[in-house]
Amino acid sequence: MKAEEESKRKVLIGLLIISLLAFLAILYNVLTNGLLLMIDRWVSREISNIQSPALTELIIFITNINGMMGSAIFSILFISFLIHKKYYVDLKFYLLAFLGASALFIVIKLLVERARPVLKIINEQGFSFPSGHSTMSMAIALTLYFIFVAKIDSVARRRLLLMVCLLWPLLIAFTRVYLNVHWLSDTIAGLSLGLFWVILLTFIPKLQKL
């Protein structure tokens with residue numbers, strides 16, 4: 001058991017370092033107008049090739065699930081569930097993950113002040129980097145994974161939980177690029193930021209989940 005816990009700890013440390021380096025690399029490219037921005041502009045132009053009215057309507061519905069209102073409603077319901085179950089450590093973990101990730105992406109947006117793509121097909125205000133939807137979808141999904149994985153005995157169900165908690169943030173990130181309200185690098189940076197923050201919290205002794 002001790003060897004297994006040490007192995008999981010090493011994986012988390014690796015993910016922590018990779019996510020931080022990925023975010024910093026993207027941030028550097030954004031601040032210095034690096035080569036990565038050429039990919040951003042190409043994706044922004046070419047994404048129109050797969051856009052259609054019916055698909056756009058579906059994409060808007062999906063992206064709104066993880067919007068400010070959707071995230072707030074989900075959080076209220078989930079917090080109520082945790083209080084009802086008396087999962088107070090999990091409650092503290094969720095609150096720190098949610099509020100911390102929110103504060104991080106808002107502060108970074110205000111500091112970087114990156115403009116959104118001009119080809120956006122829905123109206124979005126504010127700055128572009130990093131994607132708040134991507135940050136919060138990763139933070140919430142990963143927090144749910146850490147909370148519930150220890151409560152599931154079945155290996156198959158644990159794998160299913162992990163798959164869902166990874167695919168959902170990727171889907172949300174795609175919706176932001178599809179709608180052209182974010183550059184591709186904004187979404188990758190958001191995913192990296194959410195991943196980094198939640199994993200960092202798992203190393204706080206009273207919040208350790210694995």
* To do: Being within 15 Å of T202 (Cβ to Cβ) and surrounded by fewer than 16 Cβ atoms within 10 Å (Cβ to Cβ) is the filter here, so list the residues in the stretch 101-148 that pass it.
  => F148
* Output yes when any residue across the stretch 88-98 is over 29 Å from T175 (Cα atoms), in contact (Cβ under 8 Å) with a residue 12 or more places away in the chain and not aliphatic (A, V, I, L, M), and no when none is. => yes
* To do: Can you confirm whether the stretch 4-24 contains a residue that is surrounded by 15 or more Cβ atoms within 10 Å (Cβ to Cβ), touching a helix residue (DSSP H, G or I) at 6+ places or on another chain (Cβ under 6 Å), of a type in the set (F, W, Y) and under 19 Å from A150 (Cβ atoms)?
  => no
* For the stretch 23-93, which helices (runs of 4 or more DSSP H) that fit wholly inside it have 2 or more residues that are closer than 19 Å to K120 by Cβ? -> 36-46, 53-65
* To do: Scan the stretch 57-90 for residues that are closer than 22 Å to W183 by Cα, among the polar types (S, T, N, Q) and surrounded by fewer than 15 Cβ atoms within 10 Å (Cβ to Cβ) and report the count.
  => 1
* Structure fact -> Of the candidates S137, S154, S128, the one satisfying the condition of being among the small types (G, A, S), touching a Pro at 6+ places or on another chain (Cβ under 8 Å) and at pLDDT below 95 is S128
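The values are calculated or read from the model by the stated rules, or taken from the named source; none is laboratory data. Since we're looking at a predicted model, the values are computed, not measured. With ideal geometry, Cβ positions are generated from the backbone for all residues, glycine too; neighbour counts draw on all protein chains shown.
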